[in-house]
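Each value in this text was obtained by applying a stated rule to the coordinates, not by laboratory testing. The shown structure was predicted, so the numbers you read here are calculated from the model rather than taken from an experiment. For neighbour counting, all protein chains shown are included, and Cβ atoms are generated from backbone atoms with ideal geometry for every residue, glycine included.
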Amino acid sequence: MSKILIIEDEASIRRVLIKIMMNENSTFEVDEAEDGQEGLEKIENSDFDLVLCDIKMPKMDGVEVLEKAQVMKPEIPFIMISGHGELETAVKAMRLGAFDYISKPPDLNRLLNAIRNALDRKKLVVENSRLKKKVDKSYEMIGESPAMMKIREIIDKVAPTEARVLITGENGTGKELVAHWLHQKSGRSQHEMVEVNCAAIPSELIESELFGHIKGSFTGANKDRAGKFEVANGGTIFLDEVGDMSLSAQAKVLRALQENKISRVGSDKDIKVNVRVIAATNKNLKQEIAKGKFREDLYHRLAVILINVPSLKDRREDIPLLVDHFSNLISSEHGNPEKNFSPAAIDLLCNYDWTGNIRELRNVVERLLILGGDEISENDVKLFANK
């Protein structure tokens with residue numbers, strides 16, 4: 001049964017819309033609200049498959065309702081109801097994410113087609129979200145150690161919220177995996193997660209990369225270009241190695257978090273963005289703050305939730321599981337038969353200090369699968385692990 005909410009201040013229009021929908025499909029469950037504030041409260045407290053929302057209403061107009069609802073539940077399609085002279089506002093609502101708009105008085109066929117199409121889209125979004133929640137094998141978080149169980153518990157609690165997360169840990173510990181799980185288990189998973197490696201982008205280009213630029217704003221800016229924050233609108237932006245970001249870029253990121261808007265390099269025009277920010281670093285940001293290299297106000301904006309990913313030497317009990325996982329994954333990628341690791345080989349791998357953490361372990365497993373025998377022995381590890 002499809003659950004539909006009508007937000008409309010004119011009771012006569014609400015009655016017409018309800019009659020049209022109930023005559024078309026008796027399985028529709030229709031709820032109503034007489035103003036935007038009441039509508040938002042119902043959206044927050046119930047699960048709707050579709051919202052029909054008037055544009056011009058007292059207390060809160062339809063465009064504001066749409067914007068607030070997209071933050072709360074971005075998966076719900078909106079059909080805007082526009083009166084005479086409100087076409088420009090209706091078009092603006094479409095740009096902000098509305099599925100469609102219909103004019104008053106509503107045309108029967110036009111309305112029903114819009115409703116069917118919007119409900120079909122909602123089904124596709126839900127199915128896509130369900131499939132994406134089965135996180136890709138390459139992003140699986142392997143391990144049953146207490147530390148990993150605790151991280152999974154935090155992810156399950158935090159992912160459905162809009163809270164910003166700062167992920168810390170040494171290089172190669174799997175901070176990116178945590179970010180992917182947070183995104184895939186969130187309500188934003190039907191949208192993109194845009195990754196930015198702040199350490200890999202020259203300081204003079206980081207602002208353009210994040211916020212975009214307009215033509216002629218600097219040498220080489222031959223055309224307008226959207227930044228990562230715009231591309232990630234509706235989804236998640238992952239700022240990897242955020243501790244390497246320049247102070248000027250930090251100031252702009254802080255503004256984006258405070259005001260939910262950005263401006264392209266060379267432009268004074270504000271662009272509204274709706275993104276969730278997840279950041280990661282291998283640096284001690286409190287030490288960077290003391291050195292004047294990182295803004296304390298930005299740190300507190302990013303670090304609403306802190307997740308520390310332990311080094312591999314602090315979760316050695318997970319190494320056998322990781323070896324088995326990488327062995328299966330790599331063999332499948334290469335199209336080769338799987339190989340077993342002898343107990344002695346596993347014991348030796350468990351006793352190494354993995355300074356490169358999981359990334360280094362994966363490389364070693366791949367090397368052993370290529371160079372080792374039919375069964376990976378202790379001698380193979382000694383010969384090819386290069387420890």
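Extension gain for residue 296-residue 384 works out to 27.1 nm (0.36 nm per residue, less the C-alpha to C-alpha distance). Neighbour counting of Cβ atoms within 10 Å sorts the residues 370, 358, fewest neighbours leading, into 370, 358. Put a dot 7 Å past the Cα of residue 192, heading toward its Cβ, do the same for residue 19, and the two dots end up 4.6 nm apart. The residue among 190, 273, 178 whose Cα reaches farthest toward the positive pole of the charge dipole of region 121-280, with charges on the beta-carbon of Lys, Arg, Asp and Glu, is 190. For the Cα atoms of the chain, what angle does the longest principal axis make with the long axis of helix 146-158, in degrees from 0 to 90, nearest 10? The angle comes out near 10 degrees.
Length gained on full extension, residue 268 to residue 96: 59.9 nm, using 0.36 nm per residue less the C-alpha separation. Determine, from the Cβ-Cβ distance of residue 286 and residue 259 and an R0 of 22 Å, the FRET efficiency 1/(1 + (r/R0)^6), rounded to the nearest 0.05. Using R0 = 22 Å, I get an efficiency of 0.30. By other beta-carbon atoms within 10 Å, ranking 368, 383 with the fewest at the front produces 383, 368. In a simple Cβ point-charge model (Lys, Arg +1; Asp, Glu -1; nothing else charged), the chain has a dipole of about 620 debye relative to its Cα centre. Note on residue 351 and residue 152: the model spin-label points, each 7 Å out from Cα along the C-beta direction, lie 2.9 nm apart. Simple spin-label estimate for residue 224 and residue 164 gives 2.7 nm between the two label positions (7 Å along the Cα-to-Cβ direction from each Cα). Residue exposure proxy: 236, 89, ordered by other Cβ atoms within 10 angstrom of their Cβ from fewest to most, comes out as 89, 236.
For residue 11 and residue 363, calculate 0.36 nm times their separation in residues minus their Cα-Cα distance, and state this gained length in nm to one decimal. Full extension of this stretch gives 120.1 nm more. Only Lys, Arg, Asp and Glu carry charge here, each on its Cβ (+1 for the first two, -1 for the last two); on that basis region 313-384 has a dipole of about 220 debye about its Cα centre.
Residue pairs exceeding 30 angstrom between C-alpha atoms, taken from 42/92; 42/252; 286/313; 150/272; 68/223: 42/252; 150/272; 68/223. Build a GNM of the chain with springs between Cα atoms under 10 Å apart, and of 167, 319, 237 the one that fluctuates most is 319. If R0 is 45 Å, what FRET efficiency do you get for residue 370 and residue 231 from their C-beta distance, rounded to 0.05? Working from the Cβ atoms, E equals 0.75.
Mind telling me which of 372, 235, 39 comes out most flexible in a GNM of the chain, alpha-carbon contacts under 10 Å? Maximum fluctuation in the GNM of the chain, among the listed residues, is at 372.
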